[in-house]
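K.L.:
One structure, pasted below without further comment.
Bear in mind that the values in this text are calculations on the coordinates, not laboratory data. The shown structure was predicted, so the numbers you read here are calculated from the model rather than taken from an experiment. Glycine gets a Cβ as well: all are built from the backbone with ideal geometry, and neighbour counts include every protein chain shown.
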Amino acid sequence: MFNIAIIGGQWGDEGKGKVVDLLSDRFDVVARFQGGPNAGHTVVVGEMTHALHHIPSGVFRPDAQIVIGNGTVLDLTKLLIELEELDEAGVKLEGRLFISDRAHVILPVMQRLDAVREGQASPSSKIGTTLRGIGPTYEAKAARWGIRMADLSDRGQLQDRLERILSGLPGREIREGGGDPGLAEEQARQAHEQWKRLERFVTDTSLLLNDWIDEGKKILFEGAQGTLLDLDHGSYPFVTSSNTMAGGICTGLGIGPSVISGVLGVYKAYATRVGSGPMPTELDDADGQRLRDRGHEYGTTTGRPRRCGWFDGVAARYTNRINRCRGICLTLLDVLDSFEEIRICRGYRIDGRELTSPTASVAEMERVEPVYESHAGWNSETTNLRRWEDLPAPAIAYLDRIGEIIGTQVNLVGVGPERTQTLVRPGSWLAEKLGT
Ligand code: GDP
Ligand code: IMO
Ligand code: MG
């Protein structure tokens, strides 16, 4: 059995899409288990750059089966556009895309709730969501008024449920916030029409996956967002509304934990965050701007500039611990190529104490001061390197030190957005698994 999970180790945008695309030719199936169109996973294939939001990043491997699990939330308008764009790019999905009949649907009412809440929040309580309706949809799921894919087939029942939602608390909240919750009849008609266009892809994906596992098929699990945005383990309340850590795989796909062979954590060589919440190593200076410029750090989904800073070893050690990673992929190393000095945060200081792990208190996390260690830069281009052994000595020292601080070895390094711009450490867990 060889089923690997790709999990973001920071605040998202670590380059999961690239890593999944790269590894997916070794797998039969690629499955998303949580999140929705808040995700923006970039995959560069030759001359083409694709931004994926719902569809797993293994889609560019024609032999891979593509699964969107029950733990995801789907905006059908955006999903259909994504499918059309893929079709125009020559990517065929007939017979290989499987969408869970239990996945929840992001209705216009949920998106409007997201907008009203963010619009009314005070500067200190604004989460800085992607405004895609993610929070209200997961909230509806937990509160048991959500609508699942399977509920869209009966238009009459759907309209009844929507009427109750729009005349009930959610509708009232939107109206009081100055918004328009819309009409049940129109929303039911639209969702039902969209379901008809998607019906042939909708199935019991848990049943399918478990059959495939029994047949010995290999599965790659694709996480969205990052562990520091996990609903339970992230910097609550500045998080997304799903379990982004490896724990979300079982509930989000309907499979048992024993089928997961190992977790690969994806981390950037520095830190970025979009939206609000504590970020101890954030840089508001020229170095921060340099990271943003060199790394093109603007959101794939919203276009917002990402907050940038040095690698946060304390946060990374924490996310590695709770995911129990077998290895680390460190992406965007090339962004550091021209820095004379590179810093790693190895501790937090607060009120005369030193912390070795993030605390649950956001107020405390806003106050911690990073304790840095300084490393010499390598001052040379890594983008054209293709073998681990060719990396400059200071770069290898940086990678080794990050592995030491996190507690798991860096197995793979990214030196550019393309598939070929990837170096695998000889003898590492991943190299062994891939047989390279
Ligand atoms: P994801 O959400 O984790 O899939 O990451 P995003 O796609 O949102 O952001 C990562 C960005 O970095 C994308 O534009 C990728 O094309 C790019 N990228 C990924 N790996 C590398 C790398 O090793 N070097 C460089 N320069 N860019 C990379
Ligand atoms: P990928 O998969 C980075 C952030 C938002 C906000 C918080 C909550 O591309 O790594 P939400 O809309 O989910 O309710 O917003 O989470 N966020 C992401 N940040 N990458 C993502 O996805 C994100 N998805 C959500 O910016 O701070
Ligand atoms: Mg992204």
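K.L.:
Kindly provide the trypsin sites (Lys or Arg not before Pro) of the range 45-112 that DSSP labels as loop, not H, G, I, E or B, and whose Cβ sees at most 12 other Cβ atoms within 10 Å.
P.N.:
Sparse-neighbourhood loop trypsin sites (Lys or Arg not before Pro): Lys92.
K.L.:
Once you've got the Cα coordinates, tell me which of Lys126/Lys268; Lys78/Lys217; Lys16/Lys217; Lys141/Lys433 are over 28 Å apart.
P.N.:
Lys78/Lys217; Lys141/Lys433
K.L.:
Follow-up question, since we're still on this one. Give me the number: length gained by fully extending Asp204 to Arg172, i.e. 0.36 nm times residue separation minus the C-alpha to C-alpha distance, one decimal in nm. Numbers along the way, then the final one.
P.N.:
Working: separation 32, 0.36 × 32 = 11.52 nm, distance 3.45 nm.
Extra length from Asp204 to Arg172 when fully extended: 8.1 nm.
K.L.:
What order do you get for 405-411, 177-183 when each peptide is scored by the mean count of other beta carbon atoms within 10 Å, highest first?
P.N.:
Descending packing order for the listed peptides: 405-411, 177-183.
K.L.:
Here's a follow-up. Are there any chymotrypsin sites (Phe, Trp or Tyr not before Pro) in the range 92-157 that are in a DSSP loop and have at most 14 other Cβ atoms within 10 Å? List them by number. Could you put the intermediate results ahead of the total?
P.N.:
On the way: sites: Phe98, Tyr138, Trp145; in loops: Trp145.
Counting only loop positions with at most 14 other Cβ atoms within 10 Å, the chymotrypsin sites (Phe, Trp or Tyr not before Pro) in the range 92-157 are Trp145.
K.L.:
Another question, if that's okay. Just the Kirkwood number for the range 185-255, please: inverse of mean 1/r across all distinct Cα pairs, in Å, one decimal.
P.N.:
14.8 Å is the Kirkwood radius here.
K.L.:
Let me ask another. With a ≥ b ≥ c the root eigenvalues of the C-alpha gyration tensor of the range 1-110, is it rounded (a/c under 1.5), prolate (a/b larger than b/c) or oblate?
P.N.:
rounded
K.L.:
Which is farthest toward the positive dipole end of the range 306-345 among Cys308, Ile342, Asn323, measuring Cα position about the Cα centre, with Cβ charges +1 (Lys, Arg) and -1 (Asp, Glu)?
P.N.:
Farthest along the dipole direction, towards plus: Asn323.
K.L.:
Could you work out [θ]222 nm for the chain from helices alone, using -39500 (n - 2.57) per DSSP H run of at least four and dividing by all its residues? Round to the nearest 500 deg cm²/dmol.
P.N.:
Using -39500 (n - 2.57) per qualifying helix, the result is -9500 deg cm²/dmol.
K.L.:
Just going by the charge dipole of the chain, with Lys and Arg at +1 and Asp and Glu at -1 on Cβ, which of Ser261, Thr244, Ser124 is farthest out on the positive end?
P.N.:
Of the candidates, Ser261 comes out farthest on the positive side.
K.L.:
A further question on this structure: Can you give the net charge of the other residues whose Cβ lies under 9 Å from the Cβ of Thr383, counting K and R as +1 and D and E as -1?
P.N.:
-3
K.L.:
Sticking with this one: Classify the range 339-436 from the C-alpha gyration tensor, please: rounded if a/c falls under 1.5, else prolate or oblate depending on whether a/b exceeds b/c.
P.N.:
prolate
K.L.:
Another one. Only loop residues by DSSP count here, and only those with at most 12 other Cβ atoms within 10 Å; note down the GluC sites (Glu not before Pro) in the range 86-130 that meet that.
P.N.:
Details: sites: Glu88, Glu94, Glu118; in loops: Glu94.
Hits after loop and neighbour filter: Glu94.
K.L.:
A further question on this structure: Rank by packing, highest mean first: peptides 298-308, 119-129, 56-66, with packing defined as the count of other Cβ atoms within 10 Å averaged across residues.
P.N.:
Per-residue Cβ counts within 10 Å, averaged per peptide and sorted highest first, yield 56-66, 298-308, 119-129.
K.L.:
Could you bin all the Cα-Cα distances of the range 111-253 into 5 Å bins starting at 0 and give me the percent of pairs in each, rounded to whole numbers?
P.N.:
Pairs per bin, as whole percents: 2, 8, 13, 17, 18, 15, 15, 8, 3, 1, 0.
K.L.:
Still on this structure: Among 34-47, 390-403, what's the highest-first ranking by average C-beta atoms within 10 angstrom per residue? Could you put the intermediate results ahead of the total?
P.N.:
Working: 34-47: 21.8, 390-403: 17.4.
By packing density, highest mean first, the sequence is 34-47, 390-403.
K.L.:
How would you classify the chain from its alpha-carbon gyration tensor, with a ≥ b ≥ c the square roots of the eigenvalues: rounded for a/c under 1.5, else prolate if a/b is greater than b/c, otherwise oblate? Intermediate results must be reported in sequence, preceding the final value.
P.N.:
Working: a/c = 1.96, a/b = 1.35, b/c = 1.45.
Verdict is oblate for the chain.
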